[in-house]
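One structure is given here, and the rest of the page talks about it.
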């Protein structure tokens, strides 16, 4: 399957390590250069702003999907190609999943983890078969990846982790999948 749009799940904060923002910006530039539409949560703060702005700076297409309740809290990005305001977080995630061909998870908080596990669960249940990437910037997800491997090792998964997720340490590594 050719990837024409990719969902990016990431923090509405930038985090404490500058590499998180650097990787978000590099990924955004790469998406724009490859003419891949960014589908994301619609925010204008943190890593969400970093990736959206880097796509826009390179004249790429950005679609944001944000629930009404977050339009003030997350400061919706008014300069993106399209902002879709929906009624709930569930609708937001569902529309992001429907509009993307693949997903990549950058560093983030609970919302990012929720999005990772929901899209991963839907993949496991064959609700979709979209490629899922984790950007393990400076080892951010190393403990979580180790725990997910333990879940497999302890017999709670039907397939190994690498059958569902591709781990990346640098944005340039995703290029071979486009």
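The values are calculated or read from the model by the stated rules, or taken from the named source; none is laboratory data. Remember, predicted model here, so these are calculated numbers, not experimental data. No Cβ is skipped: glycine too gets one built from the backbone with ideal geometry, and neighbour counts run over all protein chains shown.
Only one residue in 115, 175 is touching a helix residue (DSSP H, G or I) at 6+ places or on another chain (Cβ under 8 Å), within 22 Å of residue 20 (Cα to Cα), surrounded by fewer than 13 Cβ atoms within 10 Å (Cβ to Cβ) and touching a residue at least 60 places away in the same chain (Cβ under 8 Å). Which one?
On the way: 115 fails: surrounded by fewer than 13 Cβ atoms within 10 Å (Cβ to Cβ).
Selected residue: 175, the only one of 115, 175 that is touching a helix residue (DSSP H, G or I) at 6+ places or on another chain (Cβ under 8 Å), within 22 Å of residue 20 (Cα to Cα), surrounded by fewer than 13 Cβ atoms within 10 Å (Cβ to Cβ) and touching a residue at least 60 places away in the same chain (Cβ under 8 Å).
Sort through 133, 140 and tell me the only one that's under 17 Å from residue 174 (Cβ atoms), free of Cβ contacts under 8 Å to residues at least 60 places away in the same chain and buried (at least 17 other Cβ atoms within 10 Å of the Cβ). First the steps, then the outcome.
Values: 140 fails: free of Cβ contacts under 8 Å to residues at least 60 places away in the same chain.
None of the others qualify; the one that does is 133.
Go through segment 4-23 and give me each residue that's touching a strand residue (DSSP E or B) at 6+ places or on another chain (Cβ under 8 Å), within 21 Å of residue 117 (Cα to Cα) and surrounded by 18 or more Cβ atoms within 10 Å (Cβ to Cβ).
Looking only at segment 4-23, we keep the residues that are touching a strand residue (DSSP E or B) at 6+ places or on another chain (Cβ under 8 Å), and these are 4-10, 12, 23.
So of that shortlist, the ones also within 21 Å of residue 117 (Cα to Cα) come out as 5-10, 12.
Across segment 4-23, the qualifying residues are 6, 7, 8, 9, 10, 12.
Looking at (1) in contact with a strand residue (DSSP E or B) (Cβ under 8 Å, 6 or more places away or on another chain); (2) modelled with pLDDT of 95 or more; (3) farther than 17 Å from residue 48 by Cα, which one does residue 116 not meet, given that it meets all the others?
(3)
Please specify each residue of segment 145-168 satisfying the condition of being closer than 24 Å to residue 24 by Cα and either without any contact (Cβ under 8 Å) to a residue 12 or more places away in the chain or assigned to a strand (DSSP E or B) (or both).
146, 162, 165, 166, 167, 168
Considering every residue within segment 27-35, establish whether at least one is touching a helix residue (DSSP H, G or I) at 6+ places or on another chain (Cβ under 9 Å), in contact (Cβ under 8 Å) with a residue 40 or more places away in the chain, surrounded by fewer than 22 Cβ atoms within 10 Å (Cβ to Cβ) and farther than 16 Å from residue 92 by Cβ.
The answer is yes, given that some residue of segment 27-35 is touching a helix residue (DSSP H, G or I) at 6+ places or on another chain (Cβ under 9 Å), in contact (Cβ under 8 Å) with a residue 40 or more places away in the chain, surrounded by fewer than 22 Cβ atoms within 10 Å (Cβ to Cβ) and farther than 16 Å from residue 92 by Cβ.
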